[in-house]
1. Need one word for region 261-324: rounded, prolate or oblate. Basis is the Cα gyration tensor (sqrt eigenvalues a ≥ b ≥ c); a/c below 1.5 gives rounded, then a/b vs b/c decides.
2. Given a 1.4 Å probe and heavy atoms of the protein chains only, how would you sort TYR72, TYR122, largest accessible area at the top?
3. Going from most exposed to least, what order do THR379, THR348 have by accessible area with a 1.4 Å probe?
4. At a 1.4 Å probe radius, which order do LYS137, LYS253 fall into by accessible area, largest first?
5. Output the pairs from LYS304/LYS403; LYS34/LYS518; LYS329/LYS398; LYS304/LYS329; LYS125/LYS519; LYS81/LYS487 with a Cα-Cα distance over 27 Å in this structure; if there are none, say none.
Amino acid sequence: AKMAAAASELLTGWCLFGMALLAILIFCWVYVRKYQSRRESEVISTITAIFALAIALISSALLPVDIFLVSYMKNPNGTFKDWADANVSRQIEDTVLYGYYTLYSIILFCVFLWIPFVYFYYEEKEEDDGNTCSQVKTAFKYTLGFVTICAVLLLIGAFVPLDIPNKKNSTEWEKVKLLFEEFGSSHGLTALSFSISSLTVIGMLAAITYTAYGMSALPLNLIKGTTSAAYERLENTEDIEEVEQHLLRIKSKCRDGRPLSSRDRRTVQQLEERLRTLRRRERHLETIERSWWTKFCEAVRPLKIVWGVFFIIVALLFTVSLFLSNLDKALHSAGFDSGFIILGTNLTNPLNMLLPVLQTVFPLDYILITTIVMYFIFTSMAGIRNMGIWFFWIRLYKIRRGKTRPQALLFLCMILLLIVLHTSYMIYSLAPQYVMYGSQKYLVQCLNTNAHSRGNKGVRSLPAVVVLFAFLLDQCIVTRTYLFLHKFWFFSAAYYFGNWAFIAVFLIGLIVSCCKGKKSVIEGEVDEDDSDMSDDELSVYY
């Protein structure tokens with residue numbers, strides 16, 4: 001009966017996993033097709049973008065699954081369940097660890113090989129429309145640099161351990177042998193962890209740039225809404241009339257045969273460009289005003305406001321919790337040399353207080369963690385969409401509905417892959433003990449002053465004691481996520497300072513978003529460098 005029940009639970013789990021995977025793939029396909037340019041879309045770039053985006057979303061779901069599995073193996077009284085013996089526990093741990101191995105290896109493959117190759121292939125295709133073989137060779141040549149960087153990171157992580165015994169009488173061969181023995185004992189975990197941590201630092205910079213801004217811009221844009229299409233059409237018509245009158249005044253100077261001055265010719269050229277842009281805006285506004293989608297958005301406007309309020313509450317909860325967690329590290333950690341790591345929680349934060357309460361009602365705590373992770377991903381998407389893709393002060397690409405180039409979509413997916421890697425550490429910063437142990441409890445001997453009550457066994461939840469105590473008792477299982485987070489103290493120190501930068505950028509973005517007015521209903525849809533052919537894609541969306 002127990003075997004049948006276990007098999008039934010396993011089958012149900014696999015069915016839910018399959019449904020979630022199918023939902024992720026459908027969402028990725030819709031998202032990529034929504035933003036990619038119809039005139040420049042390519043099969044390989046589309047498949048690559050969908051695959052990379054799906055890997056990003058699946059990787060973000062590993063953290064809640066990891067926490068659930070280590071918690072599910074124990075009873076509320078602190079004892080292990082009957083089926084969760086040492087072998088089963090080890091199998092579950094290995095399965096999750098292999099899942100991390102697989103997904104993180106795929107991320108390395110995408111970031112260092114596949115996405116760069118596809119990107120450089122289409123860059124060469126735009127410059128040389130002739131020989132496909134030449135384009136492939138050139139793309140491989142540029143991609144080789146990324147592969148070299150990946151190999152260097154793996155070698156550093158594999159053969160440069162952090163803690164080598166200092167034996168003065170040991171020979172060089174013994175030291176080299178020790179390096180290979182340590183690499184073999186870790187099964188490549190250290191090498192992969194170092195490479196992933198290096199990418200996580202880049203993901204931290206992307207999160208500071210895009211996610212922090214998206215967390216403030218997305219909720220406020222939902223609350224404020226957009227301007228009316230009819231009102232914008234009226235203003236646009238007045239602008240068209242003003243530009244046309246200005247053109248007529250300048251052109252009237254040459255009615256008697258006199259040529260225009262160079263200054264007037266430049267002005268005429270600028271005004272004609274401006275007039276073409278305004279007429280494109282007129283066509284866009286007219287199409288949007290008549291579309292069923294605009295009417296539907298107006299009908300669900302109250303729902304958007306509710307979602308905006310909910311998102312801003314989540315953002316404030318996230319930011320306050322992150323601030324208190326970082327403040328706790330600043331006051332009670334061992335400092336920079338330890339990576340600002342602390343054992344236990346001295347300053348509690350709203351999220352740390354909320355999770356133990358939600359643990360009493362299954363599965364509210366997992367829903368909250370999943371909500372925060374997915375919120376982190378979707379605000380990152382919103383930040384990238386609103387800001388575009390930048391290289392320092394140079395704007396490389398814009399993310400626009402139906403007009404995004406294949407290279408821009410590849411950049412977007414790569415940035416999301418890097419941000420997802422940083423998500424696990426952000427959640428760990430908010431609730432370190434929960435991320436390490438979930439809702440596990442353990443048995444502890446309670447020693448009271450009353451002699452009759454000595455030796456009674458009690459049950460405690462992990463957040464109530466020092467984490468090291470749980471290690472000594474050997475009664476709780478640590479999540480596999482933690483193994484990838486704190487292998488190297490200097491990465492932890494970088495994440496600590498990155499959290500302060502994240503909070504600062506979020507507050508700046510919140511102030512800027514509050515001061516800005518409503519967005520245009522065609523925000524980012526019409527630019528001066530657009531061609532008139534781009535207007536033909538309007539009917540796909542409106």
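The values are calculated or read from the model by the stated rules, or taken from the named source; none is laboratory data. Just so it is clear, the model here is predicted, and its values are computed rather than measured. Accessible surface is based on the protein model in full, side chains and every heavy atom, while ligands, DNA and RNA are left aside. Shrake-Rupley method; radii C 1.70, N 1.55, O 1.52, S 1.80 Å.
1. Oblate shape, in that a/c is at least 1.5 and b/c is the bigger or equal ratio.
2. Order by accessible area, largest first: TYR72, TYR122.
3. In descending accessible area the options line up as THR348, THR379.
4. From most exposed to least exposed: LYS137, LYS253.
5. From the list (LYS304/LYS403; LYS34/LYS518; LYS329/LYS398; LYS304/LYS329; LYS125/LYS519; LYS81/LYS487), the Cα-Cα distance tops 27 Å for LYS329/LYS398; LYS304/LYS329; LYS125/LYS519; LYS81/LYS487.
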